[in-house]
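What follows draws every value from the coordinates through simple rules; no lab data is involved. No experiment lies behind these values; they were computed from the predicted model shown. Backbone-built Cβ (ideal geometry, glycine too); neighbour counts: all protein chains shown.
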């Protein structure tokens, strides 16, 4: 039996230490695990949308990326990478690149640059069937510019553009389900994952996504200590609570077939996920119990829908 913990620990990191991401941020964990899923002898071209990941890991002349790296505008990471992949294929056909080397194309973007501003270029790259992986590190808001709400922000979350107060109790809309939107592009591989269980789920799904021919997509939960309001040492626990409450189910869709990878034996109430986060603290004030119930109902509804899709 393969010891995944040992395999992951012994795989060299292609995302180096010394980046300037916040302590307790989920994004560096995502980048490191995704890139560890690459075969050591393979090269990668990385495209990164403007956002926390880009501004904190590539400050000229310093970089945390050991592979080729392209920073593109907020809205065009997928378009940039699809162009690089097309150019690579052309050069290969012309015999200008060696055939014994494998290059993989991977794009990273936050939810602002993926769910919202970058959705058009992402959809276009997927529809054109470029052989590339797009990874969304979903921290549920525009964190790099000050925690403004995005379409990935959950209902009732307190953000700088949906402040919880006497007028509104936080964001008033439910979050977009981008993973299912990408499934609607009929991709060969789509998955939702998080850094839990020694990161084995994230690692294994990254490996599948990278080495599946054609366009693939990963949606990865990426908690933000500043925007969510949790102690920096609670990162992995927040990931775990998101999964155990079914706020963030772990599943994959292979050629249209849904597979739910983890079903909690004792599904935790959503309060367990909400309570440690400052952005939801107003929901626990007397008289606001209806918010927690509404949040729970939405989580339950989406979970039941997912289970039906598997069958």
Relative to the chain, whose Cα atoms define the longest principal axis, helix 200-210 and its Cα axis are tilted in degrees, nearest 10, by 40
Sort the following peptides by mean Cβ neighbour count (other Cβ atoms within 10 Å, averaged over residues), highest first: 228-234, 107-113, 125-131, 187-193.
107-113, 187-193, 125-131, 228-234
Angle between the Cα long axis of helix 235-244 and the longest principal axis of the chain, 0 to 90 degrees, nearest 10?
70
Helix axis angle, 289-310 relative to the chain longest principal axis, alpha carbon, degrees
40
How many nm separate the modelled label positions at residue 16 and residue 73, each set 7 Å beyond the Cα in the direction of the Cβ?
3.1
Take the Cβ-Cβ distance between residue 41 and residue 294 as r, set R0 to 45 Å, and report the resulting FRET efficiency rounded to the nearest 0.05.
0.30
Sticking to Cα atoms, compute the Rg of the chain to one decimal and its Dmax as the biggest Cα-Cα distance, whole number, in Å.
19.2, 70
Report the semi-axes of the equivalent ellipsoid for segment 2-145 in whole Å, largest first, where each axis is √(5λ) for an eigenvalue λ of the Cα gyration tensor.
23, 21, 14
Proxy exposure order for 82, 76, 151, 123 (fewest C-beta within 10 Å first) is 123, 151, 76, 82
Rounded to the nearest 500, what is the chain's calculated 222 nm mean residue ellipticity when only DSSP H runs of at least 4 contribute -39500 (n - 2.57) each, over all residues?
-9500 deg cm²/dmol
Once fully extended, how much extra length lies between residue 275 and residue 172, figured as 0.36 nm per residue of separation less the alpha-carbon to alpha-carbon distance?
35.2 nm
With an 8 Å Cα cut-off and a minimum separation of 6 or more residues, compute the relative contact order for the chain in percent.
16
Across 10 Å bins beginning at 0, the whole-percent shares of Cα-Cα pair distances in segment 164-311 come to 10, 37, 35, 15, 3, 0
Go through 170-182, 260-272 and give me the packing order, highest mean Cβ count within 10 Å leading.
170-182, 260-272
Give, as ranges by residue number, the residues of segment 200-231 whose backbone N falls under 12 Å from the point 7 Å along Cα→Cβ of residue 102.
207-213
I want to check the label-to-label distance for residue 89 and residue 3. Put each point 7 Å from Cα in the C-beta direction and report it in nm to one decimal.
4.2
Based on alpha-carbon centroids, what's the gap between segment 176-219 and segment 241-311 in Å, whole number please?
19
